[in-house]
Structures are given as C-alpha cells and as structure tokens.
1. Can you compute the equivalent ellipsoid semi-axes for the range B:38-77, i.e. the square root of 5 times each eigenvalue of the Cα gyration tensor, sorted largest first and rounded to whole Å?
2. Past 20 Å, Cα to Cα: identify those pairs from B:Lys151/B:Lys343; B:Lys63/B:Lys300; A:Lys78/B:Lys298; B:Lys185/B:Lys272; B:Lys300/B:Lys343, in the order given.
3. State, as an integer percentage, the relative contact order of chain B based on alpha-carbon contacts under 8 Å between residues 6 or more apart.
4. For the protein assembly as shown, with equal point scatterers placed on the C-alpha atoms only and solvent neglected, what are the log10 I(q)/I(0) values from the Debye formula at q = 0.11 1/Å, to two decimals?
5. Using 10 Å bins from zero, what percent of all Cα-Cα pairs in the range B:1-98 falls into each bin?
6. Between B:Thr158 and A:Gln17, what's the calculated FRET efficiency when r is the beta-carbon distance and R0 is 56 Å? Round to 0.05.
7. Output needed for the range B:213-343: three equivalent-ellipsoid semi-axes, defined as square roots of 5 times the C-alpha gyration tensor eigenvalues, in descending order, whole Å.
8. If you build the Cα gyration tensor of the range B:4-162 and take the root of 5 times each eigenvalue, what three semi-axes come out, in whole angstrom, biggest first?
Amino acid sequence: MLVIVTYDVSTTDKAGQRRLRQVAKICLNHGQRVQNSVFECWLNNENFVSLKHQLLTAMLPDQDSVRFYFLGSNWQYKVEHHGIKPSLNLDDPLII
Amino acid sequence: MKTHLNTLYVTTQGAYLRKQGDAVVVSIDRVDRLRLPLINIGAICCLGRVACSPLLLGACAQKGIAVTFMTEYGRFLAAVNGFTPGNVLLRREQYRRADDLCASAAIARACIIGKLANYRTVLRRAIRDHASSQASTRIEQVVQRIDRRLKTLAEILTLDQLRGVEGDATSEYFSVLNDLIVIQKNDFVFSGRNRRPPLDPVNAMLSFCYSMLTNDLRSACEACGLDAAVGFLHRDRPGRPGLALDLMEEFRPVIVDRLVLSLINRQQVRAKGFEVDPGGGVRMDESTRKEIVAAYQKRKQEEITHPFLGEKMTLGLVPHIQARLLARHLRGDSDAYPPFTWK
C-alpha cells in the first residue's frame, strides 16, 4: 500500500533540530522524499508497523506531529503531480 | 506470502551503488541519481562496469536481496549470497534425489512436460493471432508433433531418453519460430539457435533474456533454501546453476520467447540497434538493451492465475512459487512436482 507520511518538528532548539534530522532519516529509509517533509512510502503491514514505531519513538508528542495518509493499492487515481520533482513509480521498470 | 518486488537494473557504465541508511543510492559521475529504500527492491542487477560498496553488498546479503553482476551483454559474472538460507534437511534431500537417477528423471520429466506444453501454447497462440495460411499449416504440424512427444512422456523414461525427447521437440519448435515473426521479416531472420556469440539479432535477444531469467530462477531457488547448483535434468558442472536451469525450462517459451517475438512484431526493436563484431557475433546497443530490460520487467508485472494453485499473481512471482512447489515435493508433502503450464 502507499502511505503518505508528513511531519512537523519544532526546531526552536538544538534538540528539535536533532529530532528533525532523525525523523527525516527514518522516512528516507522507508520511502521517497517528494517534498521537504512529505514522503511516499510503499509498505506492507510489517514495514508500516516498523516505520510507525520508529517515528513515534523519535518524535515528542507535545511539540511535533506526524501524519499518515493511507492511499491503499489504487493510489494511482488519487495522486496528481504538477511542477518539479516528479516521483518515481516503484512498479515501473527500474533501469538506470 | 512473498510479494513480487521490483528489480533494480543498473546499465549506466561507471555507476556506483552505495548504502545510505537502509536505502541504496545510485550515483553516476559523483552525482546521486536515484535513492531507493531496500525494503522496496527484491534484486539488484548490475550490467557491465558498475560498482557496489562492500557495505551495500553486506546489507543485501543479509536482507536476501539478490545482487548479480553481468557483462553489458548479459553474460553472468557473479552473484553475491549471504549464508545460504533455509533448511539444511531440505538441501540434503535435494542432493539425495539428485544422486538417485530414477528420482531425478521423475522431476526432470515434469519440467520437460511443462516446457513442451508451453511450447504448444505459444505456437497455438501464434496461429490464432496472425494466421497466414501457409505458415499456420506448418506451425500446426509442429504442434501435432510436439503433442505426440508429450504423449511419449507418459511412460517412465531415463534421463537420456528425456533429453532426447526434449531436444527433438526444441529443434522442431525453433524450426518454425521464424514463422512467428510477422513484422520486420527482412531485418529479423531466425534460422536456428546459436550462442556464444549469437550470430543474429534474434539469438542475441534470446540469449540476453535467458540470462536475466536464469538470474531470477537462481534467486528463487536460493530464496526457498534449495541449492541452485544441483539440478536433476542438468547434471552438476562447476559454475552452472543446474536447478535454476531445470526450473527455467517451463518459463523459456512463456516469458522470453514470446517477449522477444512481440518486441520485434511491435517494432520496439529495430535492426539498427544491433551491431556486428569482427568475429561475427551480434551485439545490441545501449538503448536497445534498455528497451529489452524494460519490456522484460513489464512482462513480469502481468497478472496471471496460477494453473495449479488457482491464485492470482504476477508472472514474476511464479518462479518463486514453482521453487516452493518443488521444495514441497522434496520434503515429501506432495507426490509430484507440478510444472507451470500456461494456457
């Protein structure tokens, strides 16, 4: 399934900046960055549980927020892209 | 249930693959071009001058992602495997069966039945799709002869007899393959199978796709704990993945032959995409190669219903399923190995 992960991490202090980097890193390991704090992740249940656990451990619930949007497996009809940085479809042939 | 994950093909010469976090990064001329999480890929295939960092190779071996290195033209060079996964008891049973020539013949027979049945399907589909009367009578005759050979397989045969039946059927099938080329007939002429080096574009494409298919079957065997090197029909030879080649027999016509034919008939490949070596060998250029790899990947994404299990799945997953069915048979959970036959 395709899961969109977005986050807001408070960066007023050093610890916040650290958290932001951590959260971004976790997302990078699970999906592709489509905008600065928006990630598209192709996950199965197991991977999603692991991603969610890692993010919830890294964030501070009273300062940051994380949102998951579940687009399922028919996401093609639900996503439109305009402008720069088009995303990569992982079902297409991956040839570089 | 295993899902069919995508394969990353790196065909750009001089590319470098490294691990960053839990993702693979492909850089070309020191510029990062692609970043993919490892959870999204099932295999990495490097063609030609492509390098991988040791840490990436380690991570892939641990996660069961098959990394294979081939020459630009698809000849297999090396594969990176971690500890062989799966059950040592299963592998021992595989060796015992491979030593027993009668037991080997039973499994080899199933593979050949699958191959011949699929040959027949490919030819019948060709008759149905574009029947020019003259060619279709020729093809129909071959279909009938393959049919007769299939019937002889009902008896118990020795391995050598099986090889004979298989060889005869294969040469008959290849004798009409040229009739299945309906567009660009003058540029693509198939007059028989040849390899190392392939002497015409059709053979070059067949060889290239067969070696990609071998890689897929090899990782399918390894992934369910079978030893890809110890085959039943293909006897042991150093460096040869015998079991992968055994299981591949059923898939050759379905995945590769039809793919090559439709690439030609849909004019996705052109004669000018091939060049002839001084030695007479035919090679394809970079864009043709990419076109073929892309078409091969697309083919694997197609959905089919598995004839034995009745489940819907992508064609690319079927090799894995067949390897598991074979493992199930070796463990004694099923009486025979059911080959993959395509309708």
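All of the numbers you see were taken from the coordinates with simple rules; none came from a lab. In this text the structure is predicted, and so the values were computed from the model without any measurement. Neighbour counts run over all protein chains shown; Cβ positions are idealised from the backbone, glycine included.
1. 19, 11, 8
2. From B:Lys151/B:Lys343; B:Lys63/B:Lys300; A:Lys78/B:Lys298; B:Lys185/B:Lys272; B:Lys300/B:Lys343, over 20 Å: B:Lys63/B:Lys300; A:Lys78/B:Lys298.
3. This gives 17 percent for chain B.
4. Result of the Debye calculation: -0.93.
5. That works out to 15, 43, 28, 11, 3, 0, in percent per bin.
6. That gives a FRET efficiency of 0.15.
7. Three semi-axes, in Å: 31, 19, 11.
8. Each semi-axis is √(5λ); the values are 42, 26, 12 Å.
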